[in-house]
Amino acid sequence: MTDVQIFIDKIKNSQNMAVLTGAGVSAASGIPTFRGQAGLWKKYRPEELANPQAFRSHPDIVWEWYAWRRDLIRQVKPNLAHYALVEIEKKIPAFTLITQNVDNLHQLSGSINVVELHGNIMKSKCIDCNHPTSDNLNLKAGLPYCRSCGGLIRPDVVWYGEYLPMDALKKAQTAAMECDLFLSLGTSALVEPAASLPYLAKANGAFLVEINMEETPLSSQTDIFLIGQAEKIISEITHYL
Ligand code: NAD
Ligand code: ZN
């Protein structure tokens with residue numbers, strides 16, 4: 001059997017599958033990953049903007065970047081990788097889709113059990129009191145402030161150096177520990193604590209599969225590593241389920 005055939009067999013027999021997705025899954029929709037030239041906006045690297053210090057010192061620039069990303073994301077659609085995961089979810093008794101993406105495309109494509117580890121770029125909250133805001137922010141009219149405490153409103157995403165939402169992380173860790181099949185899809189497997197989830201799954205007996213365009217630090221630890229485009233490989237696999 002080829003590696004792809006073994007993976008298909010594992011999906012067919014899985015009672016509990018967990019998938020960890022990263023920016024590579026949305027690349028085919030036209031959303032650039034952070035790593036690489038395409039991630040640059042004006043002259044900034046994403047790490048220079050996606051952190052609390054940058055926001056405190058230059059909220060206008062950080063908000064301009066998020067407004068640009070929100071506009072981009074509003075115009076794109078889920079791709080074959082997102083839809084393939086919807087099909088797989090329908091076939092497995094327990095299925096958890098853990099995503100580091102903030103673009104909402106998994107939910108838009110129809111995935112049900114989605115755990116957002118890094119928040120959602122379309123949502124906003126107060127930087128001081130954490131109060132979420134559903135206001136339709138008009139960023140062109142100036143910086144947005146909290147109605148309760150007057151603090152600055154910020155995008156509700158996890159920035160570099162920040163903790164992940166505890167409930168999402170707990171759900172992700174439980175899914176990793178309880179699954180019999182774990183797939184790491186289109187993620188560099190570098191950013192903690194998400195990067196530990198595949199190891200947690202493996203340590204608890206799961207069969208570990210990775211699909212990525214290039215080798216990552218995880219690749220040598222997997223049971224199967226499939227190199228190539230996520231949208232191509234995973235959508236072909238669904239034809240055999
Ligand atoms: P990442 O760590 O998930 O890295 C992207 C990975 O995708 C790389 O390993 C690359 O080889 C792989 N890849 C690229 N195209 C692929 C394809 N077609 N098929 C398979 N693999 C492919 O993410 P990052 O770009 O370093 O971003 C870091 C964090 O920033 C993310 O975890 C997320 O919170 C945020 N982010 C989100 C989005 C989004 O929501 N779409 C986009 C960029 C960044
Ligand atoms: Zn507030």
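If a/c stays under 1.5 just call it rounded; otherwise compare a/b with b/c (prolate if a/b is bigger, oblate if not). Do that for segment 14-96, with a ≥ b ≥ c from the square roots of the Cα gyration tensor eigenvalues. Cα axes put segment 14-96 in the prolate bin. Per-atom-type breakdown for segment 57-122 gives carbon and sulfur 53% of the accessible area (1.4 Å probe, protein chains only). Computed from the Cβ-Cβ distance with R0 of 51 Å, the FRET efficiency linking residue 204 to residue 131 stands at 0.85. A straight Cα-to-Cα reach below 27 Å connects residue 91 with the lysines 10, 12, 77, 170, 171, 202, 232, residues fewer than 8 places away in its own chain not being considered. When both bridge partners sit in the chain, DSSP labels roughly 25% of those beta bridges antiparallel. Within the shell of other residues whose beta carbon sits under 13 angstrom from the beta carbon of residue 222, the net charge comes to -2, with Lys and Arg scored +1 and Asp and Glu -1. Using C-alpha pairs below 8 Å separated by at least 6 residues, the relative contact order for the chain is 25 percent.
Taking amide H atoms as placed 1.01 Å from N in the peptide plane, the amide H of residue 181 lies under 5 Å from those of 16, 18, 207, each 5 or more residues away in sequence or on another chain. By DSSP, the beta bridges lying fully in segment 107-214 are antiparallel in about 60 percent of cases. Between the amide H of residue 131 and those of 126, distances stay under 5 Å, these residues lying 5 or more places away or on another chain, with hydrogens modeled in the peptide plane.
Among residues other than residue 96 with Cβ under 10 Å from its Cβ, the summed charge is -1 (Lys and Arg +1, Asp and Glu -1). Between helix 166-178 and the chain there is an angle of about 10 degrees, using the helix long axis and the longest principal axis of the Cα atoms. Close amide H contacts of residue 145 (hydrogens built in the peptide plane, cut-off under 5 Å, sequence separation of 5 or more or a different chain): 153.
When each of the peptides 91-99, 105-113, 1-9, 18-26 is scored by how many other beta carbons lie within 10 Å of its residues on average, the order from highest to lowest is 18-26, 91-99, 105-113, 1-9. Across segment 114-163, the mean sequence separation of Cα contacts (distance under 8 Å, 6 or more residues apart), normalised by length, yields a relative contact order of 44 percent. If R0 is taken as 30 Å, the Cβ-Cβ distance between residue 120 and residue 223 corresponds to a FRET efficiency of 0.40. The Stokes-Einstein estimate for the chain, based on a Kirkwood radius over Cα pairs and taken at 25 °C with 0.890 mPa s viscosity, is a diffusion coefficient of 132 µm²/s. Any aspartates and glutamates with Cα under 18 Å of the residue 125 Cα? List them, leaving off those in the same chain fewer than 8 positions away. Hits, sequence-local ones excluded: 60, 64, 103, 116, 135, 156, 162, 167. For segment 186-192, backbone phi angles converted through the Karplus equation (6.51, -1.76, 1.60; θ = phi - 60°) give residue-by-residue couplings of x, 10, 6, 6, 10, 8, 7 Hz, Gly and Pro being listed as x. Per-residue ellipticity at 222 nm computed for the chain from its helices equals -10000 deg cm²/dmol, with DSSP H segments shorter than 4 residues left out and the rest contributing -39,500 (n - 2.57). Specify the angular offset, from 0 to 90 degrees and rounded to the nearest 10, of the alpha carbon long axis of helix 3-13 from the longest principal axis of the alpha carbons in the chain. In the chain, helix 3-13 runs at an angle near 90 degrees to the longest axis. Derived scalar couplings between HN and Hα for segment 224-230 equal 9, 10, 10, 9, x, 6, 3 Hz in order, rounded to whole Hz, by the Karplus curve 6.51 cos²θ - 1.76 cosθ + 1.60 (θ = phi - 60°), x for Gly and Pro.
Under the convention that each Lys and Arg Cβ holds +1 and each Asp and Glu Cβ holds -1, the size of the dipole of segment 74-202 around its Cα centre is about 320 debye. Between segment 1-53 and segment 194-209, how far is it from one alpha carbon centroid to the other, in angstrom? That distance is 17 Å.
The values are calculated or read from the model by the stated rules, or taken from the named source; none is laboratory data. Given the structure is predicted, the values throughout are model-derived calculations rather than measurements. Methodologically, a virtual Cβ is constructed for each residue, glycine included, from the backbone with ideal geometry; neighbour enumeration extends over all protein chains shown. SASA here: full protein model, heavy atoms, side chains in, ligands and nucleic acids out. Shrake-Rupley method; radii C 1.70, N 1.55, O 1.52, S 1.80 Å.
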